[in-house]
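In what follows, a single structure is set out as structure tokens and then discussed.
The values are calculated or read from the model by the stated rules, or taken from the named source; none is laboratory data. Keep in mind that this is a model prediction, so the values were computed, not measured. FYI the Cβ positions are ideal-geometry reconstructions off the backbone, even for glycines, and counts take in every protein chain you see.
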Amino acid sequence: MKKSSKWITGAALGAGSLALILGSVGVAQAHNASGESSQGEGKRGGPQSSLIAEGTITQAQADAVRTAMKEAHEAAETAALAQLVQDGTFTQAQADAVAAVESKGGKGALIADGTVTRDQLQALREAMQATQEVTKTEILEELVANGTLTQSQSDAIAAAKAQGGPGMKGHGGKGMKGQGRNA
């Protein structure tokens, strides 16, 4: 593994762990006094809604997974951008512009207006892919370790992610690819 890939992996994993801790606070705040979620109650559909409907996981658990995955993705992007600035692939201004947009469409607009090139965004995608699958597995393991999920619930989520349904693609797009642990 390249030195920069190891650095990106380490930084993303450290940031992902912090995101898990901070995400737990956010998820707790998103629930009302009766314990019900005030966030998109099953609006996404797909395997995650199926797991909720089957009683495999609760809405709160689904929210915790979604929040942790989103925050880990953001942390991985931040770490990757920092490394790409250090490597000279991006200027700090370009990295700041990329970090400021939240959608693929927004990043496409940065190409259209000449802020970044396709090659630069491809370098960012490649840097993030190096950590993405490991991070997903580690997030589920952390949620098991902190008692948010049981191992069987984690395995069910990993299996649903591997199927890549609309509610489970999350960040990184391709799901877990069978990396969940067996019960």
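Going through Ala80, Ala68, Ala64, Ala53 one at a time, which residue ends up being farther than 22 Å from Gln153 by Cα and either at pLDDT 95 or above or out of contact with any strand residue (DSSP E or B) (no Cβ under 8 Å at 6 or more places or on another chain) (or both)?
Selected residue: Ala80, the only one of Ala80, Ala68, Ala64, Ala53 that is farther than 22 Å from Gln153 by Cα and either at pLDDT 95 or above or out of contact with any strand residue (DSSP E or B) (no Cβ under 8 Å at 6 or more places or on another chain) (or both).
Test Ala123 against the criterion of being over 18 Å from the mean Cα position of the chain (by Cα) and either at pLDDT below 95 or not hydroxyl-bearing (Ser, Thr, Tyr) (or both), and give yes or no.
So Ala123 passes the test.
Which count do you get for residues in region 51-69 that are more than 14 Å from Lys161 (Cβ to Cβ) and under 13 Å from the mean Cα position of the chain (by Cα)?
Residues in region 51-69 being more than 14 Å from Lys161 (Cβ to Cβ) and under 13 Å from the mean Cα position of the chain (by Cα): 3 in total.
Identify, from the list Lys177, Lys169, Lys161, the residue that is at pLDDT 80 or above, among the basic types (Lys, Arg) and within 25 Å of Ala53 (Cβ to Cβ).
Testing whether each residue is at pLDDT 80 or above, among the basic types (Lys, Arg) and within 25 Å of Ala53 (Cβ to Cβ) leaves just Lys161.
Which of the residues that make up region 59-102 are farther than 15 Å from Val116 by Cα, outside any helix (DSSP H, G or I) and among the aliphatic types (A, V, I, L, M)?
Listed by number, the list is empty, since nothing qualifies.
Of all residues in region 93-108, how many are exposed (fewer than 12 other Cβ atoms within 10 Å of the Cβ), over 14 Å from His73 (Cα atoms) and among the charged types (D, E, K, R)?
Residues that pass the stated criteria total 0.
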